[in-house]
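Quick notes on the structure that follows.
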Amino acid sequence: MNTAHEELERIARAGAGHFAQSALASGHADVTRRVRRHRTARAAATTVAGIGVIGGATWGGLAAFGQGNALAPGGTLASPATTSESPSPSPAPARIEDAVTVPSAHTLDFVSTKLSEAYGVSQDDALAAITASVRELAPEASTPEGWPMPGTFDLTVAPTVRDAADLMVSARVKEFTDLGVPRADWQTVITKASLVEREAKLDVDRPKIARVIDNRLAKGMKLELDSTVKYISPVEGVFTTDADRAIDSPYNTYLYQGLPPGAIAAPSDASIRAVLNPAEGDWLFFVTVNLDTGETAYATTFAEHQANVQKLQQWVSEHAASVPPDPGN
């Protein structure tokens with residue numbers, strides 16, 4: 001089975017046409033058959049149309065659609081699905097656990113695994129449930145990555161895995177609504193916040209890293225963040241290699257300018273707030289110079305940054321036994 005972010009990376013590369021053939025799309029039928037009994041036939045039809053027709057345009061990120069008008073993967077206006085009677089829900093697997101905890105910084109692989117274990121369903125079914133929930137509750141999303149809110153969720157109020165996914169995604173939507181984030185900015189904010197989440201070692205660094213990201217984007221510089229490389233090549237170790245940084249992927253910010261196609265992890269509320277309120281500063285570079293304490297140094301020029309990198313190299317040389325080397329340097 002492909003991992004969730006492998007599926008998302010392929011979708012970002014191939015665009016809308018690929019989504020219809022992907023595991024994320026093909027799993028939606030089972031999810032919609034397990035709709036909650038109180039949903040009407042019309043609501044169920046909307047779910048099918050939302051995931052099966054305009055889902056490709058949404059997750060591919062390459063086709064636009066407006067409120068109430070969906071573009072099908074082929075670029076034509078899609079007709080809503082219709083049904084004359086309510087579908088017969090298949091028996092939902094019995095819930096196994098009463099609660100699920102998802103820490104921040106984890107990916108959909110982790111979230112879908114936790115939900116599959118909690119409900120006794122396959123990871124593909126859990127991922128399809130999350131995908132359907134994101135498409136319904138946050139149609140602004142370019143991918144479902146990052147949209148399930150971290151935290152501990154009471155599953156006794158969620159009879160099915162789709163209900164659980166709705167709880168997690170609804171919590172994220174509420175967070176953005178409470179913070180007053182314009183819907184048009186939701187995906188940009190969650191993508192930036194996921195980068196902050198994966199890069200920051202300490203809370204004090206979150207607003208500073210958010211500022212570095214904004215400054216580099218404003219100057220047209222590549223972000224060159226190791227966290228994006230780790231997302232597409234999740235190998236063990238602290239550092240990335242030349243080979244890692246050369247991987248041709250739209251998520252590789254060493255190769256491609258701008259933000260990646262979507263989030264790379266589930267950001268915490270602290271990272272969301274850091275993106276909304278970045279620190280004041282003209283920094284363009286940062287590097288963690290002490291891997292034990294998380295101390296991070298910032299620079300406005302490449303020469304200053306190189307001096308900070310030397311501090312990291314010095315730290316590594318003094319702690320070589322406990323830190324994996326970077327074979328690319």
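The values are calculated or read from the model by the stated rules, or taken from the named source; none is laboratory data. As the structure is a computational prediction, the values presented were derived from the model and not from experiment. With ideal geometry, Cβ positions are generated from the backbone for all residues, glycine too; neighbour counts draw on all protein chains shown.
Odds and ends about this structure:
- Taken across segment 288-305, residues that are out of contact with any Gly (no Cβ under 8 Å at 6 or more places or on another chain), within 20 Å of A105 (Cα to Cα) and part of a strand (DSSP E or B) do occur, with at least one present.
- Segment 168-207: number of residues that are farther than 28 Å from L115 by Cα, touching a residue at least 12 places away in the same chain (Cβ under 8 Å), surrounded by fewer than 21 Cβ atoms within 10 Å (Cβ to Cβ) and not hydrophobic (A, V, I, L, M, F, W, C): 1
- All of (1) in the same structural domain as A297 (by TED's automatic domain parsing); (2) in contact with a Gly (Cβ under 9 Å, 6 or more places away or on another chain) hold for I209 with one exception: (2).
- Against the list (1) buried (at least 20 other Cβ atoms within 10 Å of the Cβ); (2) of a type in the set (A, V, I, L, M, F, W, C); (3) under 17 Å from the mean Cα position of the chain (by Cα), the condition A105 fails is (1).
- Meets criteria (modelled with pLDDT of 95 or more, farther than 20 Å from G294 by Cα and in contact with a Lys or Arg (Cβ under 6 Å, 6 or more places away or on another chain)) for T191: no
- Checking V134, V111, V121, V100 one by one, the residue that is in a strand (DSSP E or B) and either buried (at least 19 other Cβ atoms within 10 Å of the Cβ) or within 15 Å of the chain's Cα centre (by Cα) (or both) is V100 and no other.
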